[in-house]
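The structure appears below as structure tokens.
FYI, it's all coordinate maths here, none of it is from the lab. Just so it is clear, the structure is predicted and the values come from calculations on it, not from any experiment. Note: ideal-geometry Cβ built from the backbone for every residue, glycine included; neighbour counts use all protein chains shown.
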Amino acid sequence: MRKLIAGNWKMNGLREDGTALAKTIAERARGNDAPEVDWLVCPPFTLLHAVADQLAGSPVRLGAQDCHYAENGAHTGDVAPAMLRDLCCSHVIVGHSERRQNHGETNELVQAKAEAARAHGMTPILCIGETQAERDAGRAMDVLTRQLEGSLPAAGDGELVIAYEPVWAIGTGRTATADDVRAAHAHVRAQLKKTYGEMSGAQMRILYGGSVKPANAGDLMATDDVNGALVGGASLKPDDFWRIGEAAG
Ligand code: PEP
């Protein structure tokens, strides 16, 4: 399966540097020596328009970091899926642990967002992952099961991507070992097959996220059932982001 290298810029970037970053990635991805991966960048809402302009005509896709589940209406500060589609987004991250933690997002809400994204022709990147305390208590796999059971969208048309992101590895510089990642991804794969059937479950990408860097990307991307990476900090450095893609290609 061709790997997806997705950059989550989080709450970073003003017009000048965000535009320059997108331009650099788009130019490299257009080149003949670009690795055989799918590229995606997910800037903050404020930069979607400017980044879309930079990516036009390049193979780099555009994603958002969140969406509301409603069509429109009285939801101050929120952004509807149709608005993202209108800005050429093909993907939207839902259920990132920073939203689950900082905004109290529940599995039920994440599921509604994932379904709304799909209804508008976008691919949700649905994030799951255990905390350090849950891992230490030997509950990591149970937590993943619970999150998947509660937040997977109903079977239907459209793509779905899962991102396994152990909370303790996000932005900390600590990475899960290849064995931990292999076990978690196998667990997720089994759950996807159980929910959507053998064939569909086998075709869905499962990304790893959590302090992915050029130095660890080779090992992580070579791990069974790892179909790409969701990259936070390193996606803001074009050379690092590129080298992660090369390690995956
Ligand atoms: C993320 O935010 O999804 C992430 C994985 O961040 P980082 O790569 O910085 O750990």
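Find the percent of Cα-Cα distances in region 45-151 that exceed 17 Å, and round it to a whole number.
Numbers: 3205 of 5671 pairs.
Tail of P(r) above 17 Å: 57 percent of Cα pairs.
Rounded, prolate or oblate: pick one for region 90-249, where a ≥ b ≥ c are the square roots of the eigenvalues of its C-alpha gyration tensor, a/c under 1.5 means rounded, and failing that, prolate if a/b is larger than b/c, else oblate. Each step should come with its number before you reach the end.
Details: a/c = 1.39, a/b = 1.26, b/c = 1.10.
Cα axes put region 90-249 in the rounded bin.
Let me check I've understood the local charge: for Arg2, count other residues with C-beta under 12 angstrom from its C-beta, Lys and Arg +1, Asp and Glu -1. What total comes out? Walk me through the numbers on the way to the answer.
Details: positive: Lys3, Arg205; negative: Glu36, Asp38.
Combined, the nearby Lys, Arg, Asp and Glu give 0.
Toward the positive end of the charge dipole of the chain, about the Cα centre and with charges on Cβ (Lys, Arg +1; Asp, Glu -1), which of Ala34, Gly138, Ala117 goes farthest?
It is Ala34, whose Cα lies furthest towards the positive end.
Of Val79, Val37, Val94, how do they rank once you tally other Cβ atoms within 10 Å and put the fewest first? Working shown, then result.
Details: Val79 18, Val37 21, Val94 29.
By the 10 Å Cβ count, ascending: Val79, Val37, Val94.
Within a Cβ distance under 10 Å of Pro238, other residues only, what is the Lys/Arg minus Asp/Glu net charge?
Details: positive: Lys23, Arg28, Lys237, Arg243; negative: Glu27, Asp239, Asp240.
Summing Lys/Arg as +1 and Asp/Glu as -1 gives +1.
Pop a pseudo-label 7 angstrom from the Cα along the beta-carbon direction at both Lys237 and Gln203 and give the gap in nm to one decimal.
Label at Lys237, label at Gln203, 3.8 nm between them.
Report relative contact order for region 1-41 in percent, whole number only (criteria: Cα-Cα under 8 Å, sequence separation at least 6). Please report the intermediate quantities before stating the final value.
Values: 24 pairs, mean separation 31.2, N = 41.
Reported as a whole number, the value is 76 percent.
What does the charge count around Ala217 come to, taking other residues whose C-beta lies under 14 Å from its C-beta (Lys +1, Arg +1, Asp -1, Glu -1)?
Details: positive: Lys3, Lys213, Lys237, Arg243; negative: Asp219, Asp239, Asp240, Glu246.
Surrounding charge for Ala217 is 0.
Provide the gained length on full extension for the span Asp53 to Asp224, in nm with one decimal, where the gain is 0.36 nm per separating residue minus the Cα-Cα distance. Spell out each step's value before the answer.
On the way: separation 171, 0.36 × 171 = 61.56 nm, distance 3.59 nm.
Extending this stretch completely gives an extra 58.0 nm.
In which sequence would Leu236, Leu4 go, from the one with the fewest C-beta neighbours within 10 Å to the one with the most? Please list the in-between numbers first.
Numbers: Leu236 18, Leu4 24.
Listing Leu236, Leu4 from fewest to most nearby Cβ atoms yields Leu236, Leu4.
In nm, what is the difference between 0.36 nm times the number of residues separating Arg146 and Asp179 and their Cα-Cα distance?
Working: separation 33, 0.36 × 33 = 11.88 nm, distance 2.14 nm.
Stretched out fully, the Arg146 to Asp179 stretch lengthens by 9.7 nm.
Taking H as built 1.01 Å from N, whose amide H comes closer than 5 Å to the amide H of Val231, not counting residues under 5 places away?
Ala6, Gly7, Asn8
Determine the gain in length on full extension of the stretch Lys193-Glu246; use 0.36 nm per residue of separation and subtract their C-alpha separation, reporting nm with one decimal. Could you put the intermediate results ahead of the total?
Working: separation 53, 0.36 × 53 = 19.08 nm, distance 2.94 nm.
Fully extending the segment from Lys193 to Glu246 adds 16.1 nm.
For n ≥ 4 DSSP H runs only, could you compute -39500 (n - 2.57) per run for the chain, divide by its residues and tell me the 222 nm figure to the nearest 500? Display every interim value, and only then the final one.
Values: 11 runs with 110 residues, N = 249.
Value at 222 nm, helices only: -13000 deg cm²/dmol.
Can you compute 3J(HN,Hα) from phi for each residue in region 78-87, using the Karplus curve 6.51 cos²θ - 1.76 cosθ + 1.60 with θ = phi - 60°, rounded to whole Hz and x for Gly and Pro?
Along region 78-87, the couplings run 8, 10, 7, x, 4, 5, 5, 4, 4, 9 Hz.
When we measure straight from the Cα of Lys113, which lysines land under 25 angstrom away, once same-chain ones fewer than 8 places off are left out?
Within reach: Lys3, Lys10, Lys193, Lys194.
Could you tell me the distance between the Cα centroids of region 230-244 and region 47-88, to the nearest Å?
21
Which of these, Ala215, Ala163, Ala26, has the largest mean-square fluctuation under a Gaussian network model of the chain (Cα springs below 10 Å)?
Checking each option, the largest mean-square fluctuation is seen for Ala215.
With +1 on each Lys and Arg Cβ and -1 on each Asp and Glu Cβ, and nothing else charged, work out how big the dipole of the chain is about its Cα centre, in Debye to the nearest 20.
Numbers: 25 positive and 32 negative charges, 29 e Å.
The calculated dipole for the chain is roughly 140 debye.
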